[in-house]
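Trainee: Next up is a structure, given as structure tokens.
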Amino acid sequence: MAAGIGNIIFRTLINFLQKNLYGVDSEVMLYNLQDTAKWKIILIPALGGLAVGIITTLFKSNVHSVADVIKAISLHRTLSPLTAVLKTITSAITLGTGGSAGREGPIIMIGASIGSAVGQFFKFSHTRISSATACGAAGGIAATFNAPMGGAMFAAEVLLGKYGIKTFSPLIISAVTATVISRAYFGEEITIHAPDYVLKSAAELPLYALMGVFIAFISVFFIRFFYRVKDAFDFLKLPKWLKPAIGGLLMGFIGVFCVNIMGVGYGTIIEILQNKIPWYILIVFVFLKIIATSLTLGSGGSGGQLVPSIFIGAAAGGFFGGLMQHIMPSIAGNPETYALVGMGAMLAAVIRAPITSILILFEITQSYHIVLPVMITCIIANMISTRLEKDSMFTWPLTRAGFNINHGVEKSILESIKVKDIMLTDIIAFNDNTSISDIKKSIEKKPHAYFPVVNDEGYLTGVISLNDLKEEIFSGKNMETTLAKDFGARRNIITVLPEETLEQAMRDFGIKEVGDLPVVEIEEKGMKLVGLLRRSDIIIAYNKKVVDFEPDK
């Protein structure tokens, strides 16, 4: 519900800014600015970037992109409620002033932060807060795309990476609720009206497969170029607040020559699908949109990459379809159909989520008769792009930062278990004054690798390993007079606390390559021995907990 309301506020703010700055009533009409003064097209995006730069410099947020949402969910971390407010304002400014970006990325972050805030308010566990975060994101994207199934699948496929019934149920409820609220306000709108589709013959299907390869290469170029531009802006020795203004200014210069690339871009997408733009011009749109989006977002502007991907896919598909119709008119169908299929294929290749892309395309067009070419093209585009570039638009920054999503799951599992939950309490601990002879007899009953040594009050004084014991036995010393306090580790003993997590304990195991660690409670007199933690028990506990993270559970 909150995500649906957030979407209404966000879109209303975008439309308000566009109407007052450009005199247009809707983002769909932003492309109709040919009569607007050139200085406004250049200056307004720059001023918008300046405003965004100042706001993001003054107010810090722990979420700057969808990648941060993925990381937070993977590590079961919370998101700041401030993110929803900041993203609503900064993204609305970026898009309302004509910046080349999408509204779907911000609404994912807005919805996710709202979901996280709800989970924190009701004091959910970290695991349930992550689920609430994903639900918020699902509701956000469902509301803005008017696509409940696509929103739920996006959260499952991209954010969570699992598909089970337990995963889908809350996502679908959130997505449907947000969509109902959005439709109640904006109406039963179809975002994009699909062109008529007729498959001339089965011979046309290989053309769609070939287009999947073509779009895969463009998607990889988009991902790499985007982050090269971002790196260039990061390298600039300029104030952080000034960089979005420079990006907006450069984007504005492009807008003077091709106003179609400004804003969200739905208006131009509709024109492409209506075959109103010559097919040979569309390849220019592809690269100008890539450049404009990279300048807008890479410089620090706020927005998403989903709709720009759809725009680029429509232009690339329209170009490919027009070229094929020109070369082989007896086989190729209408270019606008290729443009429609290209939208889903580019989205699949950029975010590496083919099922989500197919569902979103079906829902925003309300057209299901293109299922064969869409499935073929999306799957091939996704496969080829993955082969060419292992990271998606969302995972690229995570990989560069050394973060592995799967490792994040492993870490979150270890963080969810405390030492006291699995430590051994029925252990053998030797008194300082125990002889080697008595130690040797005792360990025959419980052959552990390490044995704590304590004083008369039960406070830890040392650790004996089997190797230590063997050395003493074979050294020729008197086994009756040599005591536990005379050998073994007496200083720099590595210990763990009962309240520590297994993730923290694993770091302690890494300090010294040991198999067991004493568990102690810190008291004034010293370290009170309360148990023993074995590395093997951590592995067993981890394997049991993994079941909760399996997709089919």
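The values are calculated or read from the model by the stated rules, or taken from the named source; none is laboratory data. Since this is a predicted model, take the numbers as computed values, not measurements. Cβ atoms come from the backbone with ideal geometry, glycine included; neighbour counts cover every protein chain shown.
Trainee: Which of the residues belonging to the range 359-395 are in a helix (DSSP H, G or I) and surrounded by 24 or more Cβ atoms within 10 Å (Cβ to Cβ)?
Mentor: ILE360, LEU361, PRO373, VAL374, THR377, CYS378, ALA381, ASN382, SER385
Trainee: Right, something else. Which residues, counting only those in the range 213-252, are of a type in the set (A, V, I, L, M, F, W, C), crowded, with 16+ Cβ neighbours inside 10 Å and over 21 Å from VAL350 (Cα atoms)?
Mentor: The answer is PHE233, TRP241, LEU242, ALA245, ILE246, LEU249, LEU250, MET251.
Trainee: Further question: Can you find a residue that is farther than 26 Å from GLY53 by Cβ, in the same structural domain as VAL341 (by TED's automatic domain parsing) and buried (at least 21 other Cβ atoms within 10 Å of the Cβ) anywhere in the range 285-298?
Mentor: yes
Trainee: I'd like to check something: does the range 366-376 contain any residue that is in the same structural domain as SER201 (by TED's automatic domain parsing) and within 22 Å of the chain's Cα centre (by Cα)?
Mentor: Let us first name the residues in the range 366-376 that are in the same structural domain as SER201 (by TED's automatic domain parsing), namely 366-376.
When the remaining residues are screened for being within 22 Å of the chain's Cα centre (by Cα), the result is none.
The answer is no, given that none of the residues of the range 366-376 is in the same structural domain as SER201 (by TED's automatic domain parsing) and within 22 Å of the chain's Cα centre (by Cα).
Trainee: Looking at the range 315-330, I want the residues that are assigned by TED's automatic domain parsing to the domain that holds ILE261 and under 16 Å from ALA345 (Cβ atoms) and have a partner that is of a type in the set (Asp, Glu) and surrounded by 12 or more Cβ atoms within 10 Å (Cβ to Cβ) with Cβ atoms under 8 Å, at least 6 apart or on another chain. Which pairs are those?
Mentor: GLY318/GLU336; GLY321/GLU336
Trainee: Ok, one more. Can you report the number of residues in the range 231-262 which are in contact with a Gly (Cβ under 8 Å, 6 or more places away or on another chain), in a helix (DSSP H, G or I) and among the aromatic types (Phe, Trp, Tyr)?
Mentor: The total comes to 1.
Trainee: Ok, one more. Restricting attention to the range 485-504, which residues are of a type outside the set (Asp, Glu) and modelled with pLDDT of 75 or more? Explain how you work it out, then say what you get.
Mentor: Just the residues of the range 485-504 that are of a type outside the set (Asp, Glu), to begin with: 485, 487-498, 501-502, 504.
Correct list: LYS485, ILE493, ILE494, THR495, VAL496, LEU497, PRO498, THR501, LEU502, GLN504.
Trainee: Go through the residues of the range 193-212 one by one and say whether even a single one is modelled with pLDDT of 80 or more, assigned to a helix (DSSP H, G or I), within 22 Å of the chain's Cα centre (by Cα) and closer than 24 Å to ILE364 by Cβ.
Mentor: First pass over the range 193-212, keeping only residues modelled with pLDDT of 80 or more: 203-212.
Adding the requirement that they be assigned to a helix (DSSP H, G or I) leaves 203-212.
Subsequent filtering for residues that are within 22 Å of the chain's Cα centre (by Cα) retains none.
No, that holds for no residue.
Trainee: Outside any loop (DSSP other than H, G, I, E, B), surrounded by fewer than 18 Cβ atoms within 10 Å (Cβ to Cβ), out of contact with any Phe, Trp or Tyr (no Cβ under 6 Å at 6 or more places or on another chain) and modelled with pLDDT under 85: which single residue out of LYS441, LYS445 fits that description?
Mentor: Values: LYS445 fails: outside any loop (DSSP other than H, G, I, E, B).
Of the residues listed, the single one that is outside any loop (DSSP other than H, G, I, E, B), surrounded by fewer than 18 Cβ atoms within 10 Å (Cβ to Cβ), out of contact with any Phe, Trp or Tyr (no Cβ under 6 Å at 6 or more places or on another chain) and modelled with pLDDT under 85 is LYS441.
Trainee: So, one more: Test VAL118 against the stated conditions and say whether it is surrounded by fewer than 24 Cβ atoms within 10 Å (Cβ to Cβ) and without any contact (Cβ under 8 Å) to a residue 12 or more places away in the chain.
Mentor: Numbers: surrounded by fewer than 24 Cβ atoms within 10 Å (Cβ to Cβ): yes; without any contact (Cβ under 8 Å) to a residue 12 or more places away in the chain: no.
It is false that VAL118 is surrounded by fewer than 24 Cβ atoms within 10 Å (Cβ to Cβ) and without any contact (Cβ under 8 Å) to a residue 12 or more places away in the chain.
Trainee: Okay, next question. Test GLY248 against the stated conditions and say whether it is of a type outside the set (Val, Ile, Thr), out of contact with any strand residue (DSSP E or B) (no Cβ under 8 Å at 6 or more places or on another chain), assigned by TED's automatic domain parsing to the domain that holds GLN325 and farther than 26 Å from MET375 by Cβ. Quick ask: steps written out before the conclusion?
Mentor: On the way: of a type outside the set (Val, Ile, Thr): yes; out of contact with any strand residue (DSSP E or B) (no Cβ under 8 Å at 6 or more places or on another chain): yes; assigned by TED's automatic domain parsing to the domain that holds GLN325: yes; farther than 26 Å from MET375 by Cβ: yes.
It is true that GLY248 is of a type outside the set (Val, Ile, Thr), out of contact with any strand residue (DSSP E or B) (no Cβ under 8 Å at 6 or more places or on another chain), assigned by TED's automatic domain parsing to the domain that holds GLN325 and farther than 26 Å from MET375 by Cβ.
Trainee: Please work out which one of (1) outside any helix (DSSP H, G or I); (2) surrounded by 14 or more Cβ atoms within 10 Å (Cβ to Cβ) is the condition GLY267 fails and give its number.
Mentor: The number of the failed condition is (1).
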